[in-house]
Each structure stands twice: as structure tokens, then as C-alpha cells.
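Taking it in order: structure first as C-alpha cells, then the write-up.
None of the figures in this text is laboratory data; all of them are computed from the coordinates on show. It should be emphasised that the depicted structure is a prediction, and the values quoted were computed from it without experimental measurement. No Cβ is skipped: glycine too gets one built from the backbone with ideal geometry, and neighbour counts run over all protein chains shown.
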Amino acid sequence: MLRRLCGFERFHAIAGASRFSRVFAEFTALELPARVHEALIRPQFGDQIVGHIAQDSTGIEAREKPGPKARAVEPAEPVPAPVKKVAYQYSGR
């Protein structure tokens, strides 16, 4: 397609690399690629804005850095055990 847009209809008519480079530099100076692009796109889409979203769902294997470990919160003062009330008294006998 690029070959035809540049004016080379036949494969054997393609110019050498140096000449093609000079011609392509001239095309760029004349902003020919932008004008050709507009001539190809405007009849299809006019002034309509075309939205496109490209998403890559390729999985990437990576090792994640482990986060900081949670510390156990210690009470400031130990809580005393509840005192058991004895219903009877021991006389020691």
C-alpha cells in the first residue's frame, strides 16, 4: 500500500534506498503523509471523532514486595485476674 501511495505501481519500479530516502524526506517536508491520511480518512468518517481503547491483558510474572507485618498490640498494664469469692471459710481442720 505504501508503495502505491508513493507512486511505485510495480515492484520492479521501486527506487533504490538513497533515492527513496530523498523522496521520502521531500514528502515529509510537504506534509504529504498527513494530507494522504486525511484524504483516506475524511470520506469515511468526516468530522466524527473515533474512539479507540487498546488494552493489554498479557500476564506479567513479577514478585511483589511483601508488606509490613502487623504487630500484635500489647496492653499497657496487665489486667488483674478476677478475685473469686468463697462462699464458706476453711477452718483448717
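Worth a mention:
- Among 38-47, 60-69, the order from most to least packed when residues are scored by Cβ within 10 Å on average: 38-47, 60-69
- Note that segment 48-64 has calculated 3J(HN,Hα) couplings of 6, 8, 9, x, 8, 10, 9, 10, 10, 10, 5, x, 10, 7, 8, 9, 8 Hz, one per residue in order, obtained from phi through the Karplus relation 6.51 cos²θ - 1.76 cosθ + 1.60 (θ = phi - 60°); glycine and proline are x.
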